[in-house]
Amino acid sequence: MSQPEVTSEDPAVRDSRREAMIVLIFSACALAYSVTTSYILGYSAGGRELRFVNLGAGIAFPDWVFWGIIVPWFVCFVFGALFAFFWMTDTELGEELEEDDGFLTVNPGDSGMDPTKGGKHG
């Protein structure tokens, strides 16, 4: 009995899998950081006085909101932009097929629809 031919993985699948794993790992780390920081600075702070991070111009956030939500979102935004513009690659998918003009053409008699009636059955 002959063994099946071993084929190498499609480069598009390989690149997509690699990029998905990078995003998944980064997202899991961001989630762990956000939840842990928010818990430590917010929930488990007990009865301590609420501290604020002042950004100037009258904008201030509670410290747990700034370090647990604002900063991770900003870091994720920057990472996403850098990842999309500098890391992700286009992969050649092969020869483009000719588009057939009649491919999506429907014979009105076959569908039971009359095009002169505005798409209503009749």
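A short reminder: the numbers here are calculations on the coordinates, not readings from a lab. This is a predicted model, so every value here is computed, not measured.
Here are a few things to note about the model shown:
- If the segment from Tyr43 to Ser16 were pulled out straight at 0.36 nm per residue, it would be longer than the present Cα-Cα gap by 5.9 nm.
- Karplus-derived 3J(HN,Hα) values for the range 43-48, using 6.51 cos²θ - 1.76 cosθ + 1.60 with θ = phi - 60°, are 5, 8, 5, x, x, 5 Hz; glycine and proline are entered as x.
- In the range 12-90, the ratio of gyration radius to Kirkwood radius, Rg to Rh, stands at 1.14 when only Cα atoms are counted.
- Taking amide H atoms as placed 1.01 Å from N in the peptide plane, the amide H of Ala60 lies under 5 Å from those of Leu55, each 5 or more residues away in sequence or on another chain.
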